[in-house]
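Let me begin by presenting the structure, written as structure tokens, before commenting on it.
FYI, it's all coordinate maths here, none of it is from the lab. Remember, it's a predicted structure, so these values are computed and weren't measured experimentally. Cβ: placed from backbone, ideal geometry, glycine included. Neighbour counts: every protein chain shown.
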Amino acid sequence: MSESRSDGRWDKEKARKLLVEYARTRDSKLKDELVTQHLNLVRYLAGKFSNRGENLEDLIQVGCLGLIKAIERFDPERGTEFTTYATPTIVGEIKRHFRDKGWAIKVPRRLQEFNASVAKTTEELTASLGRVPTADELAKKLGVSPEDVLEAQELGQSYNLLSIDTELESEDSRKTSSLLDYLGRADMQLELVEDRLALHRAFSSLPPRERLLMYLRFFENRSQSEVAKVLNISQMHVSRLQARSLETMRKALSLANQDRLQKAKD
């Protein structure tokens with residue numbers, strides 16, 4: 001054993017031969033031996049993520065899945081060093097594990113990855129533009145519709161459930177509080193839930209372009225001229241669409257309120 005570990009060359013050469021043989025035979029025993037050969041690489045990479053609240057052994061298991069994928073996909077004929085090829089695959093698997101655990105609700109992997117793409121592109125465009133990009137700019141960069149971008153941004157709100165022990169900001173810096181401190185208290189915002197639901201339904205009833213317009217105007221506080229540029233229409237057209245959308249939402253909210261009053265009487 002000491003001879004094989006003296007300079008690392010024996011293990012490296014053995015691994016190379018095993019990889020060539022596995023690529024030819026797809027023998028499961030060879031794959032198991034390759035996994036054993038590269039466990040130290042997995043442990044090293046998993047250790048870089050051990051300060052994120054996850055058990056190291058669990059991260060090693062996740063990393064091994066990435067290692068197995070790398071072994072199965074590796075082509076020895078390309079001349080690439082296996083550890084160089086395997087490292088991003090292992091790290092990617094570990095990062096995916098954290099992303100999956102971070103979602104408050106079960107979200108399809110495709111949507112999770114799209115949400116990550118929107119977040120990454122937002123950072124890149126913010127750096128290049130010197131401001132937060134518009135939904136239209138993000139959509140153009142990603143080759144999708146502005147509605148898809150808005151949906152992904154809303155989806156991001158489902159990420160990372162807070163622990164009840166999470167500390168909350170307080171006006172008094174000397175006093176700290178957590179979500180646990182508020183359990184059992186009357187929620188003063190509870191009465192607004194129905195209003196918010198009604199508003200959401202009214203907003204959802206608008207055509208896609210008008211939803212985007214209202215989002216830009218009242219959620220992002222854009223001016224009508226800015227919205228006109230995003231939607232590629234005139235400012236006057238924006239004004240007309242805004243007025244129509246507000247009237248549509250007013251009617252929907254009025255009907256919802258009448259329905260609520262009727263149910264209260266019954």
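Semi-axes of the range 188-266's equivalent ellipsoid from the Cα gyration tensor, sqrt of 5 times each eigenvalue, largest first, rounded to whole Å?
On the way: eigenvalues 174, 35, 14 Å².
Calculated on Cα positions only, the semi-axes equal 30, 13, 8 Å.
Full extension of the chain between LYS265 and SER28 yields a length gain of 78.2 nm, computed as 0.36 nm times the residue separation minus the alpha carbon distance.
What ranking do 203-216, 120-133 get when scored by the average of other Cβ atoms within 10 Å per residue, highest first?
On the way: 203-216: 17.4, 120-133: 12.5.
The packing order, highest mean first, is 203-216, 120-133.
Taking the Cα centre of the range 9-102 as origin and charging only Cβ (+1 Lys, Arg; -1 Asp, Glu), how large is the dipole, in debye to the nearest 20?
Working: 19 positive and 15 negative charges, 40 e Å.
Dipole magnitude for the range 9-102 comes out near 180 debye.
Within the range 26-59, the trypsin sites (Lys or Arg not before Pro) that combine a DSSP coil assignment with at most 16 other C-beta atoms in a 10 angstrom radius are ARG26, LYS48.
Among the listed pairs LYS120/LYS141; LYS120/LYS140; LYS69/LYS120, those with a Cα-Cα distance over 21 Å are LYS69/LYS120.
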